[in-house]
Each structure stands twice: as C-alpha cells, then as structure tokens.
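Remarks on the structure that follows.
The values are calculated or read from the model by the stated rules, or taken from the named source; none is laboratory data. Being a predicted model, the structure only gives us computed values, none of them experimental. With ideal geometry, Cβ positions are generated from the backbone for all residues, glycine too; neighbour counts draw on all protein chains shown.
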Amino acid sequence: MIDFSKADAHIHLFEGGYQGGSLTSRPGVEVDELLCYQSLMKDHHIEAALVVGFEGDAFCRQNNDFLAELIPYHPWIYALAYCHLDHQPDLIPQLEYWKMKGFQGISLYLLEESDYTKLLAIPLEFWEWLVQNDWLVSVNSFGALWGPWKVVLK
C-alpha cells in the first residue's frame, strides 16, 4: 500500500521537458522528466505523485495523451487530466474516456476572467459526475479570480 504521507502533491511531466522559458527550452536540450523525477523519488523516498495535466501552451497540447501512456506503467502516478473548458458539449464523454485511461481527476486552469464565464456555464451533470466518481479537482488560478467558485461550490 502506498504511504501518502510520502507523496508529492503537485508535479508536471511533459514529453520533452517543460518548454516555458526553462533550461529545457534551449535549442538541442532534451530532458527526460520522468527519469529525472524517478531519481528524485528514490533520493527522497517519495512513493506517489499527483501529476497535474496541462495543455495550455503550444509545447504541451498533447499532455493528457502523454500522461495516459505513462499511467499503466507507473503505479505511483495519480494523474489529473487537463480539462479544456471550451469543449463543453463533450465534457461527460471526455470524463468517461479519461477514467478509462486511468486518470483520477481533472485540472482546471482559470487564469483570465473569460475562463470564469466558461466555468459557470458547465452543466450540473459534470460536477455530479466528478462527485459520483470520487474524482479530484486541481484548480490553478489567481487570488482575485476565486470569487466565482462560491457559485460552483454551492
């Protein structure tokens, strides 16, 4: 059984490494983030990680697919699929697909006020599905933009 007191609460894994202005975005530099993280796990006795999906930049548009490939081979990965708020008609089938792929929840990135219009338009069935399936929700935002969550949480 996994000792969740030795779990990492929020990491990202990107195919080819994070490209957002870090060392790995330099021409010709490649980093295997999975191997790097596994070495950190060994050094620090980490047994599990909540791997938060992100597809909000051009370099990582297929991050959910990448994570879905890793899940069956790495039982320490508890992955959350990046949820595109623009695809609302397909949300429930998308959740079912992610569940079949082994995801344990979703990640939402609400970084602009326009994202909250999309958030408030999500149907009740979506939230009910998350509760019925005991799914985790990781919300990434800024302090000033947390107000609309009061409506969602009711």
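Please tell me if K99 is basic (K, R), crowded, with 16+ Cβ neighbours inside 10 Å and more than 15 Å from H12 (Cβ to Cβ). It is false that K99 is basic (K, R), crowded, with 16+ Cβ neighbours inside 10 Å and more than 15 Å from H12 (Cβ to Cβ). Please work out if Y116 is surrounded by 14 or more Cβ atoms within 10 Å (Cβ to Cβ) and either of a type in the set (A, V, I, L, M) or part of a helix (DSSP H, G or I) (or both). Yes; evaluated as a whole, the condition is true for this residue. Restricting L85, L80, L70 to those that are closer than 16 Å to L136 by Cα and either surrounded by 14 or more Cβ atoms within 10 Å (Cβ to Cβ) or without any contact (Cβ under 8 Å) to a residue 24 or more places away in the chain (or both) reduces the list to L80.
In summary, F142 fulfils each of the numbered conditions (1) under 21 Å from G53 (Cα atoms); (2) at pLDDT below 85; (3) surrounded by 14 or more Cβ atoms within 10 Å (Cβ to Cβ) with the single exception of condition (3).
State all residues of region 1-55 that are of a type in the set (D, E, K, R) and more than 20 Å from the chain's Cα centre (by Cα); if no residue qualifies, say none. Passing the criteria: D3, R26, E30, K42, D43. Against the numbered list (1) closer than 29 Å to Y73 by Cα; (2) of a type in the set (V, I, T); (3) not in a helix (DSSP H, G or I), I122 comes up short only at (1). Condition check for S5 on (1) in a helix (DSSP H, G or I); (2) at pLDDT 90 or above: one failure, at (2). The set of residues from region 93-107 being part of a loop (DSSP other than H, G, I, E, B) and within 12 Å of the chain's Cα centre (by Cα) comprises F103, Q104.
Report yes if some residue within region 114-126 is small (G, A, S), more than 22 Å from R61 (Cβ to Cβ) and out of contact with any strand residue (DSSP E or B) (no Cβ under 7 Å at 6 or more places or on another chain); otherwise report no. So far as region 114-126 goes, yes, one or more of its residues are small (G, A, S), more than 22 Å from R61 (Cβ to Cβ) and out of contact with any strand residue (DSSP E or B) (no Cβ under 7 Å at 6 or more places or on another chain).
Residues in region 37-92 that are in contact with a Pro (Cβ under 9 Å, 6 or more places away or on another chain) and either at pLDDT 95 or above or part of a strand (DSSP E or B) (or both): A48 alone. Candidates are the residues of region 1-45 that are within 22 Å of I106 (Cα to Cα) and β-branched (V, I, T); the one that is surrounded by the fewest Cβ atoms within 10 Å (Cβ to Cβ) is I2. Within region 8-21, if we keep just the residues that are over 26 Å from H45 (Cα atoms) and out of contact with any Ser or Thr (no Cβ under 8 Å at 6 or more places or on another chain), the residue that is modelled with the lowest pLDDT turns out to be G21.
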